[in-house]
Amino acid sequence: MTETERNPVVCEVVDQVALLRVDAPPVNALSHVVRSGLADALAKAHGAGVTAAVILCEGRTFFAGADIREFGKPPKSPVLGELLQQIEASTIPVVAAMHGNPLGGGLELAMACHYRIALQGTQMGLPEVNLGLMPGAGGTQRLPRLVGLEEAAQIMLSGQPVSAQHALEIGLVDRVCETELPAQALAFAQELDAPRPTGLRAMPVFDDQPDLLSRLHAMVQKKYRGLAAQASVLECLEVTQSLPIDEALKEERQRFLQLVQGPQSSALRYQFFAERQAGRAPQDAHVGEIRSTAVVGAGTMGSGIAISLIDAGFPVHLLEIDGDALRRGLQRIDDHYRRVVDGGYQTAAAATAARGRLTGTTRYTDLADSDLVIEAAFEDLEVKRTIFTALDEHCKASALLASNTSYLDIDALGRITSRPTQVLGLHFFSPAERMKLLEVIRTGATSDAALATALAFARKIGKLPVTVGVCYGFAANRTYAAYNREVQNLLLEGAGIEQVDAAMREFGMAMGPCAVTDLTGIDIGVMARRAQANRPDDPRYFAVSDALYNAGLLGRKSGEGFYCYGNTRGASTQAQALIDSTAQGLGITRRAMDADTIVGRLLRAIQNEAEHAIAEGIVERESDIDIIWCNGYGFPRHLGGPMYQRSLSSEGVT
Ligand code: 3H9
């Protein structure tokens, strides 16, 4: 700790128990100043003749992990592992009193304590894999000793947190309290008479669970293919089985350090900070309260949006133009809840509670009290104009009016209302109830307060918002169209359908672009382009899609598109013949193409279009494009995104 750094750790002695309170906002990350403050406070507690010590945190959470901003910098003593060994070796029992999100190094610290008490509602875990890392301060050794190998592997490989209740059931915590964590932790500490050596329990071994290791290997191969962190977690569990704990901890640290320096962790850490930056509200903007909401349009998108809102606890009026359309929408929503309950994804009680928050209506007057209305009607400017005129007439003056349009001019929609400052776009991705990405579209007139309110709301419904400006297709569809346009160029120039898809899958995309187009339907893009005012005057422009559309090859919905979906599978010979004849008609000389060329050209297409969008002020920063691609279009997060890839190649890294 330097002299200018505030010591975030305060130690007070209450009834012979040392309370070590840490206050390092926003999330009590275990930075150097926190680690050294804790080490000093613990040493002092020992000298104060106390019978036990309790470590607890102020603010919203117990330590949310190591300080990610310190990764890649030279480590400063005490490193986390050293502090944890000091805690574990303490001659007085140490109790971790947890609330909020004890994660990563935070949970590792708690596991080095002799006892753990958690406030109801606490979510704890080892999410290092989400940053391309593995636990590096004893997590791989202490967690299996507490909860067994299978549960520990599950927690570390998935990176998913577990609830306080579950933690109690598996032995990760000793007690769960409903309220008053500090007082409860103090009382708990006073009951103790000796430290319990958690770290020195015997390590469970794979030999006692014959098929566990092979199941875990199969999982890593299949579910986490190509991910260095998950592979490393499993290898570490395997090779440390027979090592004494000190050596096992060294082995773990080595692997952790290797991962920190690796390309996947760099990309994932970049993603972590980019995600938080993308939806940042304008400074000092007033965040309004959203209590009641409405969705206009009960089609697939509208229903999905309504589900997202009611699942997050918001009451929703779902409006349709007539009773039949409304019934169909409500039926779709009921079907969704039946599926998720049957599949075990949601409890029946939670589904019933969510469904109870939804009211169907055909009357705009029912929307009078809504704080936010999201229009998700047919993609036609005239239809949307009519809706916005009605909304402006019936909704209270303070209500925000949002459109879920994918392409249309939201400035124009704002202008027909009496409140253009409160009009914006909320562009959900399909399926809206599952996809995290949300483009928040700010028009030229949207106020800072309206934007900040929409961004806060987006977070509350569990979405990942990215703020963009108004242009045809905004940032996501605009760059995706550029990608798709280049796919068509490649097909015309000689690349095969399966070859393009295989190259992109091999690169890491969740699906190849031709298969995606078949899934969404070739007609969707054709219709959108036909409605486009300034269609580029280029005969190649989506010539392949037009040819397939004219021949009735619409994709999965028609049984054939780029691929066949009937008895015969694989690329459609008819589609290939149409591509060949279109290329011939355009006088294009076809040539063989390799995977590197395909990947390189497709990435450049995205990057170039993104450059234009940034230059026009539609997108603020390159990382926003990466967030869009990784969360909207299946770009692998561990590769950082298309713009991140470009920054690597300009540095000569790839
Ligand atoms: C680890 O622990 C390795 C160890 O095994 C071994 C070490 C040797 N560090 O997300 P929010 C910032 S790896 C630094 O918006 P929420 C974040 O950038 C770590 N900063 O809040 C943001 O800053 P800003 C394992 C961090 O309430 C602010 O805090 N731990 C860290 O929606 C608020 O964050 C993790 O992976 C950090 N560790 O969610 C946990 N965490 O305001 C990562 C957050 O300037 N964190 N910040 O944008 C999270 O999952 C969420 O932040 C959390 C709160 C759930 C805690």
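Quick notes on this structure:
- Rel. contact order, % - alpha carbon contacts under 8 angstrom, at least six apart, segment 555-654: 13
- Centre separation in Å (Cα based) which lies between segment 232-308 and segment 612-654: 17
- Value of relative contact order over the chain, rounded to a whole percent, pairs C-alpha under 8 Å and six or more apart: 9
- From the alpha carbon centroid of segment 480-537 to that of segment 373-440 is 28 Å.
- Each principal axis of segment 293-468 carries a Cα extent, and these read 45, 33, 26 Å when sorted largest first.
- Here, segment 389-446 is characterised by an Rg to Rh ratio of 1.00, where Rg is the alpha-carbon radius of gyration and Rh the Kirkwood radius.
- Annotation: Cα Rg of the chain relative to the compact-globule expectation 2.2 N^0.38 Å equals 1.08.
- Share of carbon and sulfur in the accessible heavy-atom surface of segment 366-473 [1.4 Å probe, %]: 53
- Fully extended contour minus Cα-Cα distance, from ARG327 to GLU382, at 0.36 nm per residue: 17.4 nm
- Degrees, to the nearest 10: 381-394 long Cα axis against longest axis of the chain: 60
- The packing ranking, built from the mean of other Cβ atoms within 10 Å per residue, places the peptides 221-230, 485-494 in the order 485-494, 221-230, highest first.
- Rg(Cα)/(2.2 N^0.38 Å) for segment 485-639, N = residue count: 1.06
- What segment 9-264 shows is 42 Å² of accessible area per residue, with the surface traced by a 1.4 Å probe over protein heavy atoms.
- Ranked by how many other beta carbons lie within 10 Å on average, peptides 36-43, 273-280 from highest: 36-43, 273-280
- The chain - mean residue ellipticity at 222 nm from DSSP helices (-39,500 (n - 2.57) per run, n ≥ 4, rounded to 500): -14500 deg cm²/dmol
- Accessible surface comparison of SER163, SER214, SER31, probe 1.4 Å, protein chains only, largest first: the order is SER214, SER163, SER31.
- Taking the C-alpha atoms only, the angle from helix 573-585 to the longest principal axis of the chain is near 60 degrees.
- Relative contact order of segment 9-264, pairs being alpha-carbon contacts under 8 Å that are 6 or more residues apart, as %: 18
- Solvent-accessible area per residue in segment 293-468 equals 40 Å², computed with a 1.4 angstrom probe and all protein chains kept.
- Exceeding the 27 Å Cα-Cα cut-off - candidates LYS73/LYS460; LYS73/LYS250; LYS73/LYS222; LYS76/LYS436; LYS222/LYS436; LYS44/LYS73: LYS73/LYS460; LYS73/LYS222; LYS76/LYS436; LYS44/LYS73
- Nearest-ten-degree value, helix 32-47 long axis tilted from longest Cα axis of the chain: 20
- For the chain, share of DSSP beta bridges that run antiparallel, in % to the nearest 5: 25
- Separation of alpha-carbon centers, segment 123-155 and segment 1-57, rounded to whole Å: 25
- Take segment 533-628 with all the other protein chains still there, run a 1.4 Å probe, and you get 51 Å² of accessible area per residue.
- Rg to Rh, two decimals, where segment 9-264 supplies the alpha carbon set and Rh follows Kirkwood: 0.95
- Extension reserve of the ARG355-ALA202 stretch, reckoned as 0.36 nm per residue once the Cα distance is removed: 50.3 nm
- For segment 50-154, the square roots a ≥ b ≥ c of the C-alpha gyration tensor eigenvalues yield an a/c under 1.5, which makes the shape rounded.
- Distant alpha-carbon pairs in segment 459-558 (separation over 19 angstrom), percent: 49
The values are calculated or read from the model by the stated rules, or taken from the named source; none is laboratory data. Note that this is a predicted model, so its numbers are computed, not measured. Glycine also receives a Cβ, built like all others from the backbone with ideal geometry; neighbour counts cover every protein chain displayed. With ligands, DNA and RNA removed, areas are computed over all heavy atoms of the protein, side chains included. Shrake-Rupley method; radii C 1.70, N 1.55, O 1.52, S 1.80 Å.
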